[in-house]
Amino acid sequence: MLSPSTTIEEGAEVLFFVDRRRRWIHRVRRGGVFGSDRGSIPYENVIGRVFGEAVRLSLGFKAYLLRPLLIDYIEKGFERRTQVIYPKDLGFMLILSGIGPGSRVLEAGVGSGVLTAVLANAVRPDGVVVGYELRREFAEVAMENLRRVGLDRFVEIRVRDIREASLNEEFDAAFLDLPDPWTALDVVYRALKPSAPLLVFLPTVNQVEKTYASMRRHGGFVDARCFEILLREYQLVEGALRPETRMVGHTGYILFARKVVRDVREQASSSSSGTA
Ligand SMILES: C[S@@+](CC[C@H](N)C(=O)[O-])C[C@H]1O[C@@H](n2cnc3c(N)ncnc32)[C@H](O)[C@@H]1O
């Protein structure tokens with residue numbers, strides 16, 4: 001994905017694009033064949049061409065040879081063993097976090113590594129994502145997904161419970177996608193740089209309430225905001241341009257807050273009102 005070459009070399013990953021629904025990522029190796037319900041083509045006839053060119057499949061249909069983008073891997077290439085965060089939410093979380101090249105980011109749980117890949121892509125070439133994941137089998141799937149897109153070198157996965165982490169590092173932002181993020185607030189608070197943002201992804205309103213209530217009791221977070229992103233794609237048909245009939249009805253909520261330095265004296269007198 002990160003290779004600058006415009007020529008399709010042996011071993012390159014290519015997005016075979018036939019139409020909106022027919023798109024597949026394949027690694028092209030001599031001796032292999034691309035096959036679909038629209039026809040086939042030996043990889044031999046693809047290697048040496050330029051990304052962006054079209055080839056004719058055996059049944060007469062055209063397939064465009066495109067360089068896969070990160071979103072193509074997220075939608076079509078990554079192995080998924082857990083629920084993952086959707087692009088509509090990933091994009092907004094990224095802009096809210098303010099991270100960029102060189103940032104140090106804390107994440108828990110890593111799951112299939114979809115959010116991790118987006119974060120790693122944002123912090124490269126000299127930043128790092130430190131991701132906590134309870135289950136080794138998920139951590140391995142995530143690492144394999146990251147390797148596939150050349151982003152593994154910007155990620156350190158720790159197979160551990162985030163709540164038991166003793167973090168001496170300072171992070172520019174933290175991301176939580178856990179069933180019970182309120183239990184990790186103390187650890188995350190200690191790991192964040194003062195003023196740094198925390199982004200929490202939560203599938204239910206009940207979890208948002210519980211996390212927000214814990215933030216208020218904690219007293220170390222301000223500027224709390226909660227968002228839900230609804231994305232409606234349009235059917236691009238000349239003379240019949242309109243929204244698609246189906247849309248993703250629900251994914252989850254994004255809870256944002258920023259770390260502040262806790263005033264211990266004030267905290268004692270206003271523990272009931274909170275700061276978030
Ligand atoms: C919904 S998945 C995360 C998906 C991920 N954000 C993605 O986009 O691919 C939640 C993950 O959190 C992990 N998890 C749950 N509690 C955890 C904890 N206390 N510390 C670390 N990981 C945890 C689970 O094992 C699971 O893999």
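For region 166-187, enumerate the residues that are farther than 13 Å from residue 104 by Cα and modelled with pLDDT of 95 or more.
Across region 166-187, the qualifying residues are 176, 177, 178, 179, 180, 181, 182, 183, 184, 185, 186, 187.
Considering only residues that are within 24 Å of residue 200 (Cβ to Cβ) and of a type in the set (Phe, Trp, Tyr), which ones fall in region 50-91?
Of everything in region 50-91, those that are within 24 Å of residue 200 (Cβ to Cβ) and of a type in the set (Phe, Trp, Tyr) turn out to be 78, 86.
What's the number of the only condition in (1) in contact (Cβ under 8 Å) with a residue 12 or more places away in the chain; (2) within 27 Å of residue 141 (Cα to Cα) that residue 95 fails to meet?
Of the numbered conditions (1) in contact (Cβ under 8 Å) with a residue 12 or more places away in the chain; (2) within 27 Å of residue 141 (Cα to Cα), the odd one out for residue 95 is (1).
I need every pair where a residue in region 118-130 that is over 9 Å from residue 100 (Cα atoms) has its Cβ under 6 Å from the Cβ of a residue that is charged (D, E, K, R), sequence separation at least 6 or different chains.
Matching pairs, first to second residue: 128/104; 129/107; 130/156.
May I ask you to list the residues in region 21-32 that are surrounded by 13 or more Cβ atoms within 10 Å (Cβ to Cβ) and either farther than 30 Å from residue 86 by Cβ or out of contact with any Lys or Arg (no Cβ under 9 Å at 6 or more places or on another chain) (or both)?
Of everything in region 21-32, those that are surrounded by 13 or more Cβ atoms within 10 Å (Cβ to Cβ) and either farther than 30 Å from residue 86 by Cβ or out of contact with any Lys or Arg (no Cβ under 9 Å at 6 or more places or on another chain) (or both) turn out to be 26, 28, 32.
Go over the candidates 159, 205 one by one and state the one that is modelled with pLDDT of 95 or more and surrounded by 14 or more Cβ atoms within 10 Å (Cβ to Cβ).
159
Could you list, in sequence order, all residues of region 76-93 that are within 11 Å of the ligand (Cβ to nearest atom) and farther than 25 Å from residue 187 by Cβ?
The answer is 78, 79, 80, 86, 87.
Can residue 257 be described as at pLDDT 95 or above and either in a strand (DSSP E or B) or farther than 24 Å from residue 164 by Cβ (or both)? Walk me through it before giving the result.
Numbers: at pLDDT 95 or above: yes; either in a strand (DSSP E or B) or farther than 24 Å from residue 164 by Cβ (or both): yes.
Yes, satisfied.
Residue check, residue 11 against (1) in a loop (DSSP other than H, G, I, E, B); (2) touching a residue at least 40 places away in the same chain (Cβ under 8 Å); (3) not basic (Lys, Arg), all met but one. Which one?
Single failed check for residue 11: (2).
Give region 33-47 a look and list any residue that's surrounded by 11 or more Cβ atoms within 10 Å (Cβ to Cβ) and either touching a Lys or Arg at 6+ places or on another chain (Cβ under 6 Å) or not in a strand (DSSP E or B) (or both), or say none. Please lay out each step first, then the result.
Taking region 33-47 and keeping what is surrounded by 11 or more Cβ atoms within 10 Å (Cβ to Cβ), we get 33-36, 38-47.
Within region 33-47, 38, 43, 44, 45, 46, 47 meet the criteria.
Spot the failing condition for residue 219; the list is (1) surrounded by 19 or more Cβ atoms within 10 Å (Cβ to Cβ); (2) within 25 Å of residue 249 (Cβ to Cβ), and only one is missed.
With (1) surrounded by 19 or more Cβ atoms within 10 Å (Cβ to Cβ); (2) within 25 Å of residue 249 (Cβ to Cβ) applied to residue 219, the lone miss is (2).
Among (1) under 28 Å from residue 152 (Cβ atoms); (2) free of Cβ contacts under 8 Å to residues at least 24 places away in the same chain; (3) not charged (D, E, K, R), where does residue 45 come up short?
Answer for residue 45: the failing condition is (1).
Considering only region 220-240, how many residues are part of a strand (DSSP E or B) and of a type in the set (Lys, Arg)?
1
The values are calculated or read from the model by the stated rules, or taken from the named source; none is laboratory data. What you see is a predicted model, and the numbers here were worked out from it, not measured in a lab. Every residue, glycine as well, gets a Cβ built from its backbone with ideal geometry; the counts of neighbours run over all protein chains shown.
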